[in-house]
Structures are given as C-alpha cells and as structure tokens.
Amino acid sequence: MSEVLEKISEMLQKGKRKDVAKLCQQAIDEGLEPNVVLTQGLLAGMDVVGAKFKANEIFVPQVLVSARAMKAGSEVLKPYLSEEGATGRGKIVMGTVQGDLHDIGKNLVIMMFEGKGFDVVDLGVDVAPEKFVQAAIDENADIIGMSALLTTTMPMMGEVVKAAEEAGIRDKVKIMVGGAPVTQEFADSIGADAYTEDAPSAAEKAVAFVS
C-alpha cells in the first residue's frame with residue numbers, strides 16, 4: 001500500500017479537506033491509477049469512518065466533515081476517472097417522502113452511499129411518489145432510497161412502492177426505506193426490499209444489491 005494512499009485515508013478520517021484534495025492530485029501525479037486512489041484512498045477512509053460511526057466512536061458532525069473531505073478528493077479525481085470510464089457502483093435515487101421535511105438522516109445516508117462509490121441523485125425533501133418513480137426511470141436507477149422521520153408520513157413509502165409497480169419498474173429497482181419510526185415489520189408490510197437502521201448499514205445493503 002503506497003504511503004500517499006494511507007495518508008489520503010488518514011486525512012479523510014480527520015476531515016482535512018484541503019489535504020485530501022492535494023494528496024489525491026499528488027497520487028495522480030505519482031502515476032497511481034485514479035480508480036486505485038478512489039478505492040484504496042478515499043473509500044477506504046470512508047469505510048473506517050462508517051465503522052467508527054456505527055460503533056458510536058464518532059458522531060454525525062465528524063462524519064459530515066469526513067464526507068466533505070471525500071467530496072473534495074472525488075472532485076480532483078473526477079476528470080481522470082471519466083477518462084478511464086470508471087463508473088460508480090450504480091445509481092441511487094434518494095429523497096425524504098412527501099409531507100416530511102427532515103433531511104439530516106437522508107443527507108447522512110447519501111454521504112455513506114457516495115462513500116461506497118454510488119452515484120446518488122438527491123431529490124430533496126417532501127418528494128411525491130410519482131417524482132421518485134419518474135426520477136428512477138429518467139436516471140435508470142438501480143435503487144430508490146426513501147427516508148421518513150414522522151409516523152404520519154411513513155404510509156407515503158407504501159405509495160412509492162405502488163407507484164413503482166404501476167409504472168412497471170418494480171422488478172428493475174430495489175426499494176430501500178429508513179428513518180427513526182420505520183421498522184423491519186413496516187418495510188415488509190409495504191413490500192420494500194430493505195430496511196436498515198443506520199446509514200452505514202444502508203450503504204452496505206446497497207452494495208449487496210448491486211454486486
């Protein structure tokens with residue numbers, strides 16, 4: 001493992017955005033493959049962050065800072081990655097369901113998805129069922145991810161599953177749900193493909209779906 005990759009991972013864990021960007025450029029200049037810098041530098045660092053977050057060793061603010069550092073590094077790598085046609089793992093359409101305006105949880109999950117190399121389309125909050133489905137069709141998404149933080153908005157998740165069935169894409173797309181009031185029982189009752197209780201688990205589940 002090259003020293004610069006270890007350094008990228010280490011600085012990302014500390015949330016040092018400028019250092020991460022600089023080191024990514026340095027790694028490219030040293031002739032390392034962009035894909036290697038991404039997976040063994042940035043994504044490896046985010047894996048550690050995800051594991052620590054899951055173990056309650058670090059908390060949301062630290063994760064957000066690391067995720068920003070990861071973004072800064074990704075921006076540096078983007079032009080090189082597109083040259084060698086290294087596409088991500090897959091595409092995820094993500095949003096908070098209609099009637100719900102919470103986005104912290106959603107944003108955290110998006111960062112974890114991106115940390116696993118997914119291309120994420122963020123639909124924002126208060127997203128109508130047909131908007132989820134239309135976006136999944138337009139973007140040719142592999143997964144629809146939904147968040148709800150209110151018991152009153154949870155039924156909207158079932159509406160999205162129905163809308164996907166009506167649009168004829170239900171067999172093409174995996175539907176993932178999460179949020180404080182959501183449970184495995186609820187996910188089963190609406191016919192969702194997966195429920196996870198935290199952001200790192202959601203990212204691991206998404207990887208399992210596309211691999």
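The values are calculated or read from the model by the stated rules, or taken from the named source; none is laboratory data. Since this is a predicted model, take the numbers as computed values, not measurements. As a convention, Cβ positions derive from the backbone with ideal geometry for all residues, glycine included, and neighbour counts pool all protein chains shown. Note: areas computed on protein heavy atoms with side chains; ligands, DNA, RNA excluded. Shrake-Rupley method; radii C 1.70, N 1.55, O 1.52, S 1.80 Å.
Of note:
- Using the Cβ-Cβ distance between A55 and D119 with R0 = 30 Å, the FRET efficiency computed as 1/(1 + (r/R0)^6) comes to roughly 0.60.
- Stretch in the chain that is longest and holds no GluC sites (Glu not before Pro) that DSSP places in a loop and that have at most 16 other beta carbons within 10 Å: 85-196
- The chain: most fluctuating residue of T183, T152, T96 per GNM, C-alpha cutoff 10 Å: T152
- Rounded to the nearest 10 degrees, the angle from helix 104-115 to the longest Cα principal axis of the chain is 50 degrees.
- Axis of helix 60-83 versus longest Cα principal axis of the chain: the two differ by about 70°, to the nearest ten degrees.
- Pairs of Cα atoms nearer than 8 Å and 6+ residues apart set the relative contact order; for the chain it is 18 percent.
- Angle in degrees between helix 129-139 and the longest Cα principal axis of the chain, rounded to the nearest 10: 40
- Q184/E10 FRET efficiency (R0 25 Å; Cβ-Cβ; nearest 0.05): 0.10
- Carbon and sulfur %, accessible surface of segment 103-161 computed with the full protein complex present, 1.4 Å: 52
- Only helical runs count toward this figure. For the chain, summing -39,500 (n - 2.57) over DSSP H runs of n ≥ 4 and dividing by all residues gives -17000 deg cm²/dmol at 222 nm.
- Over 18 Å [Cα-Cα, segment 15-136], rounded percent: 56
- Highest-fluctuation residue, S74, S66, S189 considered, GNM on the chain with Cα pairs under 10 Å: S189
- Using all pairs of distinct alpha-carbon atoms, the Kirkwood hydrodynamic radius of the chain works out to 17.5 angstrom.
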